[in-house]
Amino acid sequence: MKVLHCAALLSPPSGVVSQMESEQFAASKVGIEWHVRMFCPRGSCVQSTIAHHSRWLGEKKNNAFWKAYAWLLLRVEYHHWLYSLGREYDAFVLRYYVHDPFQLLFILLCNRPVYLVHHTLEVPELAMGGGYLGRLRSGLDSLIGKYAIKKSAGTIAVTQEILDYERKRAQVGSRKDFLYPNGVFFDQGPVPDSRPEVPELLFVAGHFASWHGLDLLLDEISTSSDQFVLHLVGDLSEGDHARASGDKRIVLHGRLAASAIRKVAESCSLGLSSFALDRKGMTEACTLKVREYLVMGLPVYAGHKEVFPTSFDFYRNGAISLPDILSFARSVSSVSREQVAASAKPYIDKAAILDTLYRALIDAQEAQN
């Protein structure tokens, strides 16, 4: 079976592009007919091997009229391009795009099965924006998205919570859907171990959004006299930056390249992930950052459920409590980086996860024929 996994964005985030590039590499590694493309304007993703550039849209402009015009043009051209590939592929796997009538139309007209991939709870997240626009977008997606999901061949989601949510809102409880957690490659070994006696913690985000819960962690730190070092990598809000700058135990790195993050990680005992997913109406996540920590050999402490079973010793889902975080850091202080990475591999290896999904889609198609 020949599958096209595709997304279309005006300004594709580097993390999404990197994730899709790794998926294409994984498909080549396991030898399956799985092609990955990011459809975007000319000038976007120019160095990416998976980019398919729009014929109609060039460099973006910073004005509202252009953004509305470009959104409409991109969605029309993207789905027209997909439709032209109907004879080339046996199935389409599309990254879900919110309140998109062209997505729904393509599903209705396409004579190949179309699966939608979901990475979040869309309707609650849109409503988080607040105001009239947030409520409008949330309402539109609750209507348009419901029918797109219902008419698709199946739902693919990165967590069970998201999968259950999409099935419920589209009222498709009886069909076969698919869990597809994020994965990473083990192309680099664990980082060297130079952990000092005082525990060091690593918290990485491109931008610390509200659902990362950095403000809650800073609240904890402000009432503690414990000795530790917290490395913050990424852009902080003005308020969080001011608070963090006032504590000598916190090191602000700004944004760093992957190689620089690995260097910082050498002295760290733990990686920290999101602590306030409830602000998005979620309790589960499947973040690349958690997987990147584990590949480096860092156990992880976070405030959300993950794919790991309770028997997995190197991921702790706990309350945002500095004493608990430091206690966990001490409990794994004697564990080698290599043991952490090797224990995590069965749950986060990208090639194995993709191959499992591909085989499941083949089985689903054979069952329908």
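Throughout, read-outs are computed from the coordinates displayed, never taken from laboratory work. Predicted model, so just to flag it, every value in this text is computed and none were measured. Positions of Cβ are backbone-derived with ideal geometry, glycine not excepted, and every protein chain shown enters the neighbour counts.
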Item to check | Extension gain from residue 143 to residue 61, taking 0.36 nm per residue of separation minus the Cα-Cα distance | outcome: 26.5 nm
Item to check | Distant-in-sequence amide H partners of residue 251 (H built 1.01 Å from N, under 5 Å) | outcome: 230, 231, 232
Checklist outcome for this item: Going through 263/305; 280/345; 2/350; 168/289; 168/305 one by one, the pairs whose alpha carbons sit over 23 Å apart turn out to be 263/305; 280/345; 168/289
Checklist outcome for this item: Out of 332, 290, 36, a Gaussian network model of the chain with alpha-carbon springs under 10 Å gives the largest mean-square fluctuation to 332
Next on the checklist: Report D for region 129-206 in µm² per second (integer): Stokes-Einstein, Kirkwood Rh on Cα pairs, 25 °C, 0.890 mPa s.
Outcome noted: 148 µm²/s
Checklist entry - Once the piece of chain linking residue 279 and residue 14 is laid out straight, how much longer is it, given 0.36 nm per residue of separation minus the C-alpha distance between them? => result 93.0 nm
Checklist entry - Which peptide among 238-247, 208-217 comes first, and what is the full order, when sorted by highest mean count of other Cβ atoms within 10 Å? => result 208-217, 238-247
Next on the checklist: Looking at region 319-363, I'd like the Rg to Rh ratio, where Rg is from alpha-carbon atoms and Rh is Kirkwood's inverse mean 1/r.
Outcome noted: 1.26
Checklist entry - Looking only at Cα atoms, what is the convex hull volume of the chain per residue, in Å³? => result 145 Å³
Checklist entry - Once you treat every alpha carbon in region 35-79 as an equal point and sum by Debye, what is log10 I(q)/I(0) at q = 0.17 Å⁻¹? => result -0.46
Checklist entry - Averaged over all directions, how much area does the convex hull of the C-alpha atoms of region 1-75 cover when projected, in nm²? => result 5.3 nm²
Checklist entry - Using only helices, what value at 222 nm comes out for the chain when you add -39,500 (n - 2.57) per DSSP H run of length 4 or more and divide by the total residues, to the nearest 500 deg cm²/dmol? => result -13000 deg cm²/dmol
Checklist outcome for this item: Counting only residues 5 or more apart in sequence or on a different chain, those whose built amide H sits under 5 Å from that of residue 35 are 3, 4, 5
Item to check | Mean-position separation - Cα centroids, region 243-262 and region 299-322, in angstrom | outcome: 23 Å
Next on the checklist: Step by step: find N for region 99-254, compute 2.2 N^0.38 Å, then divide the Cα radius of gyration by it. What's the final number?
Outcome noted: 1.42
Checklist entry - Normalised by the residues of the chain, what does the relative contact order come to in percent, with Cα pairs under 8 Å and at least six apart? => result 15 percent
Checklist entry - Once amide H atoms are placed 1.01 Å from N in the peptide plane, what residues at a sequence separation of 5 or more from residue 57, or on another chain, have their amide H within under 5 Å of its amide H? => result 42
Checklist entry - Roughly speaking, what % of Cα-Cα pairs in region 280-369 are separated by over 18 Å, rounded to a whole number? => result 53 percent
Checklist entry - If each of residue 111 and residue 72 carries a label point 7 Å out from its Cα toward its Cβ, how far apart are those two points in nm? => result 3.1 nm
Item to check | Protection-proxy order for peptides 273-280, 3-10, each taking the mean of Cβ atoms within 10 Å per residue, highest first | outcome: 3-10, 273-280
Checklist entry - Assuming R0 = 25 Å, what is the FRET efficiency of residue 245 and residue 198, from their Cβ-Cβ distance, to the nearest 0.05? => result 0.80
Checklist entry - Could you state the principal axis extents of the C-alpha atoms in region 72-160, from the largest down, to the nearest angstrom? => result 43, 33, 17
Checklist entry - Over the alpha carbons of region 172-221, what is the largest minus smallest coordinate on each principal axis, giving the biggest first in Å? => result 53, 34, 20
Checklist entry - Taking θ as phi - 60°, what are the ³J(HN,Hα) couplings along region 259-268 by the Karplus curve (6.51, -1.76, 1.60), each to the nearest whole Hz, with x for Gly and Pro? => result 5, 6, 5, 4, 5, 4, 5, 4, 9, 8
Item to check | Per-selection Kirkwood Rh - region 200-348 (Cα, Å, 1 d.p.) | outcome: 15.4 Å
Item to check | All-pairs Cα distance distribution in region 1-151, expressed in whole percent, bin size 10 Å | outcome: 11, 37, 39, 12, 1
Checklist entry - Between residue 47 and residue 238, what is the FRET efficiency for a Förster distance of 45 Å, r being their Cβ-Cβ separation, to the nearest 0.05? => result 0.90
